[in-house]
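A quick write-up on the structure given underneath.
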Amino acid sequence: METLSHYAYCALDQHFHKVIKHETGVLKQQEPEAIHQMRVGLRRLRTALQVFEPALDLPKGTGIKQIRTIANSLGKVRDLDVLNETLTTAHSPHLPEIEQKRLDQLLKKLHQLRQQKFERVRRKLSSATYRRFKQGFQHWLAHPAYTDLAHWPIRAVVSDLLLPLISQLLIHPAWLVGVTWSSADEFDQEKFSQDCSGGGSNGLMEATCLCNHQEPLLPEELQRQGSVLHELRKQTKRVRYQMELFTDFFGEDYQQQVKEFATLQEVLGQLQDGVVLQHFLHRLGANLDRDLPSLGERLQSQQTLNWQKWQYFQERYLDNQFRHSLRQLLA
């Protein structure tokens, strides 16, 4: 009978060694892909700890806080790598020559900033804190220690492990970005109660008279709401990572939902990339309307498309029947 301890050990062992595997590539060669993969490994390790931590007796210095600190330093470099790739590959070849030259000047500033951020990564991975983190995990993997909860049969608790993050996802405020609730005098409480208990035909969207904007938010509004959408992206990623730990216990519908979360994460990532890119260009002193009008038009066009993709998921995840089916999927 497989227990919680078995799955916890396998997850921590796999993701910790992925982190260590890419350490050399990060430190010696500054490879963008190595930075990305090490960051992914840390995020997956953090998710595994969030899931299994109540069953684990870990050494000091190996907790979620330490992982978050390391991952954040890598993330600052990774974000600049993504910006560089997007500007260089996706946009620069399609700009007028004069805008290409202006963009090249901004890219030089980006490279300088990346070097500064990477030096912080180098110091972080050479620090005593990071050494304690590695040594602590290596010791635990050689001599694992658990709490009494680790003896639970995994099949008895897998749904309990999954549902909390799903609940946090479903009530995330980002789902209501650009959505208008009906006024109190239009709200039909009896109908809402019927729909929420499964008696309605069109779910929450009909019951509450929600109305999505059919056009993208104004650029400044999207910039303002970018942080809450980014938080939903991170929550979606955590849910996906967590669900991937337990694919052996569920069927095809579960597998498809994991894939859908990956797509949702990608769409939210594209929206966030657009927000970050415009913010970064502004930080570097670029005025898109004046200095890079063609680039500004391309970015706005891309954000319009990204927003349309997002609206599909927004309506889907606000629908009460879908929300109910998602909970049932994990039962």
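Odds and ends about this structure:
- The one condition from (1) assigned to a helix (DSSP H, G or I); (2) buried (at least 16 other Cβ atoms within 10 Å of the Cβ) that Ala262 does not meet is (2).
- Residue in the range 73-83 that is without any contact (Cβ under 8 Å) to a residue 12 or more places away in the chain and among the acidic types (Asp, Glu) present: no
- Residue that is surrounded by the fewest Cβ atoms within 10 Å (Cβ to Cβ), among those in the range 299-315 that are within 14 Å of Gly269 (Cα to Cα) and either touching a Cys at 6+ places or on another chain (Cβ under 9 Å) or hydrophobic (A, V, I, L, M, F, W, C) (or both): Leu305
- Across the range 43-86, the qualifying residues are those that are touching a His at 6+ places or on another chain (Cβ under 8 Å) and assigned to a helix (DSSP H, G or I), and the one among them that is surrounded by the fewest Cβ atoms within 10 Å (Cβ to Cβ) is Asn84.
- Tally, over the range 231-256, of residues that are surrounded by fewer than 18 Cβ atoms within 10 Å (Cβ to Cβ) and either in the same structural domain as His15 (by TED's automatic domain parsing) or part of a helix (DSSP H, G or I) (or both): 11
- Selection of the range 107-149 for residues being among the β-branched types (Val, Ile, Thr) and not in a helix (DSSP H, G or I) yields only Thr147.
The values are calculated or read from the model by the stated rules, or taken from the named source; none is laboratory data. Remember, predicted model here, so these are calculated numbers, not experimental data. Don't worry about glycine lacking a Cβ; one is built from the backbone with ideal geometry, like all the others, and counts go over all protein chains shown.
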